């Protein structure tokens with residue numbers, strides 16, 4: 001499944017400073033690979049390719065790790081401002097330009113290696129059955145990741161300017177959100193601190 005045939009694409013946000021982790025978390029071991037490789041592998045196994053990976057801190061190292069993966073690597077020069085918004089805008093701009101038949105995009109956290117293949121496939125199936133401009137997984141009434149955002153909303157994301165954030169974007173579109181209830185807390189988990197990492201690593 002490729003974004004060029006109208007299927008959803010994917011934007012993997014991997015540009016953060018990892019300030020709370022104290023070291024580049026995308027490069028940390030996760031089983032037999034690294035955190036960013038695990039996230040990319042899950043997206044590819046779901047049949048979504050080529051995903052767009054937005055880099056910032058650790059750009060050269062991530063590029064080396066993913067050299068043999070079918071991904072598009074995009075450097076976000078504004079990564080140091082600490083905002084996810086600029087990375088997402090960079091990814092949407094590239095997806096809109098290079099994969100013009102794509103009608104939706106997964107927004108994937110690069111520090112969420114716990115993401116399950118069944119979660120991504122479940123969201124894909126839900127979108128194919130009931131297309132929605134905003135499809136978000138939920139666990140026990142808590143919103144998680146990855147999100148699926150329809151192309152009809154990309155322009156609004158591209159137009160966002162700080163101090164408005166993606167949280168504001170969701171608040172503006174509560175009536176459009178379709179939730180997929182899942183029985184896994186992994187959609188809520190990411191890795192911000194060394195404690196998070198040691199508690200979760202396989």
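Residues in region 68-77 that are crowded, with 18+ Cβ neighbours inside 10 Å and in a loop (DSSP other than H, G, I, E, B): 71, 76. Among the residues of region 23-42, those identified as within 16 Å of residue 61 (Cα to Cα) and out of contact with any strand residue (DSSP E or B) (no Cβ under 7 Å at 6 or more places or on another chain) are 23, 25, 29, 30, 33, 34, 35, 37. Of all the numbered requirements in (1) under 30 Å from residue 24 (Cα atoms); (2) in contact with a strand residue (DSSP E or B) (Cβ under 7 Å, 6 or more places away or on another chain); (3) outside any strand (DSSP E or B), residue 136 misses one, and that requirement is (3). Within region 184-202, residues that are on the phi < 0 side of the Ramachandran plot and in contact (Cβ under 8 Å) with a residue 40 or more places away in the chain have Cβ atoms under 6 Å from residues that are exposed (fewer than 12 other Cβ atoms within 10 Å of the Cβ) and outside any loop (DSSP other than H, G, I, E, B) in these pairs: 188/142, counting only partners at least 6 apart in sequence or on another chain. Taking region 52-67 as the range and being touching a helix residue (DSSP H, G or I) at 6+ places or on another chain (Cβ under 8 Å) and outside any helix (DSSP H, G or I) as the test, the residues that pass are 52, 53, 54, 55, 56, 57, 58, 66. When 84, 141 are checked against the criterion of being in contact with a strand residue (DSSP E or B) (Cβ under 8 Å, 6 or more places away or on another chain) and at pLDDT below 95, a single residue qualifies: 84.
You will find that of 121, 151, the residue that is within 19 Å of residue 12 (Cα to Cα) and either surrounded by fewer than 17 Cβ atoms within 10 Å (Cβ to Cβ) or touching a residue at least 60 places away in the same chain (Cβ under 8 Å) (or both) is 121 and no other. Being touching a helix residue (DSSP H, G or I) at 6+ places or on another chain (Cβ under 6 Å), crowded, with 18+ Cβ neighbours inside 10 Å, more than 19 Å from residue 135 (Cα to Cα) and modelled with pLDDT under 90 holds for only one residue in 99, 114, and it is 99.
The values are calculated or read from the model by the stated rules, or taken from the named source; none is laboratory data. As the structure is a prediction and not an experimental result, all values here were calculated from the model. Backbone-built Cβ (ideal geometry, glycine too); neighbour counts: all protein chains shown.
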